[in-house]
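Undergrad: Following this message is one structure expressed as structure tokens.
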Amino acid sequence: MPGPYPGLVVRVHSENSIDASSGKVNPELVKQMISSGMKTLTGDARQEDAWARFISPKDVVGIKVNCSGAPRIRSSPEVVAVIAENLIAVGVPAKQIHVYERFDNQLQTVGYGKYLPAGVNVYAAETTRESILGYDPKTYVETSFYGEQDTRSNVVRLVSETLTKIVNVPNLKEHQASGVTGCLKNISYGNFSNVARGHNAPQTYLGTFIGALAAVEPVRSRVVLNIMDGLMGVWHAGPFSEMPRFRFYPKQMMFGTDPVAMDHKLIDVIEEKRKAEGAVSIFDRSMSHVGKDNTNPNTNHYIREPGHIEYASKLGLGVFDAASIKLKVIEL
Amino acid sequence: MLLLLAALPALFWDGAADTASALRDAGINQILVPAARLASWKSVPGIVAEAADLEGAVKLLPPTVDYRINEAAATSAPWVIANGWRFIRRPGGRFYYDVTGKQAALAAAEAFCYGANAMIRTDAAGLKPLAAMLDFLRTLSGEPLPPVADIGYIDDGSAASGEVMNLMVRDNLLFQLVTAPDRRLKLNVKLGTREYPLEDARNPGVVAHAVRFHLTDEKRSLRIFGSQVVVARLTASSDHVRLHLLNYAGAARKVEGIRVRVLGQYPKHQLSLADGAGVELLDYSVEPDATEFTLPELKMYAVIDLLR
């Protein structure tokens, strides 16, 4: 990160990509969206050439999904399946592809296996919550926030010991603590253990912790591509989606190698939606808007830290300056 | 207490002699009984009984974890109910537990870790787990080693001081009692000093946090990662460290993996588990200043001997 296309974000929108009343995804349109997004990102005429810029047949590829709001909102299995098919198309054997997430109980609710090409692996780092066995004991970030005894956050063992490349597939969501949860949050909190210690309401350390984690090798260099699944989104009380009124349907996907630029665009989408709904900005830090009842879109459990994205840019993870971000929009 | 039972915690059984078959079935063959019942137990074959009295012994809390899930709290850390500080405060004291079921086994292991003179009164459901734990404790070889301490703690005997000790035990901050600062230790702590004002002791967690801050994690002889419910006891000689690990959540909520860091280089190890056949230490690493390893599973109690 930020990879070969710093500051470049491709947004592909397709009005019929998902049925907002049923949540049913149109797999054929998803396929077209991904093809279009990858070709526009790279400038290649053929999608195989676009994928081949990032992945070779020798790679062992992780598809980092986001299931923190599953089963209601998650990296759509239709999207993940098309990504896996494209990896196979450039020569990666199915057995060298791993769809993975931290928590097995969340992963299981999605049932990716039914959608994926035969032979693709589905893996969770924690088959039992808080088990450390799926994490690399030698690669960790050590810091103390609130005097917790366990001061280490270890990287997922699959990432450090097996994968050579990672395709990051976050959702398009507001997050009660980090402001939004997009590329950077899925890379950081999604690849390390013992990270919930970073937020203890109402204040959190997410402003700096997310970027610090995402910058750790080998995570930083193995995440080669971000595909943000924004067919559906959450504009309040995320990363979960327990209250249907806070779901919305942007019907879009974003593509890029720069997680900072993409997350900046994510902020724009969430802010626009919240404004339309009459909700305060995610940058609001007033304690009068902090409270337990987040059924009110102007009340939140935490003081949000969307500044984690700009902070990540200072670690060299990508471009935050709006004027330096180039957005290409494709309508299908 | 008793020559026969002095080295191990012992079952205190106040049932009549006609309950002997329940003890035998559980695998119990040594007991302490009230003096008034001793004569009747003396004639029971297969069970050695000696007289004991709970009066004058310090009653301990049943070791466990209170998760307090539905209570607002300043911390999300579970509340570990441990008795280690009581043993440290009264090293020659007499203690007893009144526990049920599998807690009897955890009580025995806890008392054993501290070399405490403890009696365990339990119910019928506690007999088998206790017998199994006592059998395991008998297999642990060697003379008791002196405890490792990073901190010298001057205990004023107050309740507040006791609670500070309790939190240091629970946080695996290794300390020993001293009557005056001991320069051989890494840190000395006394309530009522500038570093540890008495008013802070109203929230003993503040004091324990300050102790950790002043000691620094780097200087701690022992670190535990991956669980908030495991309490350790570390003893050592010049070339041998014995680490006791107690899972206060008990066997019903086994810990799946804890990472341990012990200062010093120990290339050899031996793992003894009360209930974990086939378990081996993983990712064993001897670094320039410390030894680290992962215990993949801890049901209730483990002893790890580290050797130079």
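Undergrad: Looking only at residues that are touching a Gly at 6+ places or on another chain (Cβ under 8 Å) and over 22 Å from A:THR127 (Cα atoms) in region B:222-239, which one is farthest from the other protein chains (Cβ to nearest Cβ)?
TA: B:ARG233
Undergrad: Let me ask another. Among what's in region B:187-208 and is more than 14 Å from every other protein chain (Cβ to nearest Cβ) and assigned to a loop (DSSP other than H, G, I, E, B), pick the residue that is farthest from B:GLU163 (Cα to Cα).
TA: Within region B:187-208, the match that is farthest from B:GLU163 (Cα to Cα) is B:ARG194.
Undergrad: Turning to a different aspect of this structure: Within region B:72-186, considering only helices (runs of 4 or more DSSP H) that don't extend past its boundaries, which have at least 2 residues that are of a type outside the set (Val, Ile, Thr), within 14 Å of chain A (Cβ to nearest Cβ) and in contact with a helix residue (DSSP H, G or I) (Cβ under 8 Å, 6 or more places away or on another chain)?
TA: Those helices (runs of 4 or more DSSP H) span B:159-170.
Undergrad: Further, regarding this structure: Which one of B:ARG233, B:ARG212, B:ARG183 is modelled with pLDDT of 95 or more, outside the structural domain of B:ALA108 (by TED's automatic domain parsing) and in contact with an Asp or Glu (Cβ under 8 Å, 6 or more places away or on another chain)?
TA: Result of the check over B:ARG233, B:ARG212, B:ARG183: B:ARG212.
Undergrad: Would you please name the residue that is nearest to A:LEU225 (Cα to Cα), looking only at residues in region A:1-36 that are of a type in the set (Gly, Ala, Ser) and surrounded by 14 or more Cβ atoms within 10 Å (Cβ to Cβ)?
TA: It comes out as A:GLY3.
Undergrad: Is region B:283-303 home to any residue that is under 19 Å from B:VAL229 (Cα atoms), among the hydrophobic types (A, V, I, L, M, F, W, C) and surrounded by fewer than 18 Cβ atoms within 10 Å (Cβ to Cβ)?
TA: Checked against the condition, which is being under 19 Å from B:VAL229 (Cα atoms), among the hydrophobic types (A, V, I, L, M, F, W, C) and surrounded by fewer than 18 Cβ atoms within 10 Å (Cβ to Cβ), region B:283-303 yields no hits at all.
Undergrad: Another question about this same structure. Only one residue in B:VAL262, B:VAL211, B:VAL279 is assigned to a helix (DSSP H, G or I), in contact with a strand residue (DSSP E or B) (Cβ under 9 Å, 6 or more places away or on another chain) and more than 10 Å from every other protein chain (Cβ to nearest Cβ), so which one is that?
TA: Result: B:VAL211 is the single residue among B:VAL262, B:VAL211, B:VAL279 that is assigned to a helix (DSSP H, G or I), in contact with a strand residue (DSSP E or B) (Cβ under 9 Å, 6 or more places away or on another chain) and more than 10 Å from every other protein chain (Cβ to nearest Cβ).
Undergrad: Continuing with the same structure: Within region A:121-172, how many residues turn out to be among the hydrophobic types (A, V, I, L, M, F, W, C) and either at the interface with chain B (Cβ under 9 Å from one of its Cβ atoms) or not in a strand (DSSP E or B) (or both)?
TA: 7
Undergrad: Taking the stated definitions as given, is B:VAL241 among the aliphatic types (A, V, I, L, M) and more than 30 Å from A:ALA196 (Cβ to Cβ)?
TA: So B:VAL241 fits the description; yes.
Undergrad: Something else now. Residues that are in contact with a helix residue (DSSP H, G or I) (Cβ under 6 Å, 6 or more places away or on another chain): list the strands (runs of 3 or more DSSP E) wholly contained in region A:175-270 that include at least 2 such residues.
TA: Qualifying strands (runs of 3 or more DSSP E): A:223-234, A:252-256.
Undergrad: Is at least one residue of region A:306-323 more than 16 Å from A:PRO2 (Cα to Cα) and among the basic types (Lys, Arg)?
TA: no
Undergrad: Go through region B:287-302 and give me each residue that's away from chain A (no Cβ under 12 Å) and either in contact with a Phe, Trp or Tyr (Cβ under 7 Å, 6 or more places away or on another chain) or among the aromatic types (Phe, Trp, Tyr) (or both).
TA: Of everything in region B:287-302, those that are away from chain A (no Cβ under 12 Å) and either in contact with a Phe, Trp or Tyr (Cβ under 7 Å, 6 or more places away or on another chain) or among the aromatic types (Phe, Trp, Tyr) (or both) turn out to be B:THR291, B:TYR301.
The values are calculated or read from the model by the stated rules, or taken from the named source; none is laboratory data. Being a predicted model, the structure only gives us computed values, none of them experimental. Quick reminder, even Gly has a Cβ in these numbers, built from the backbone with ideal geometry, and neighbours come from all protein chains shown.
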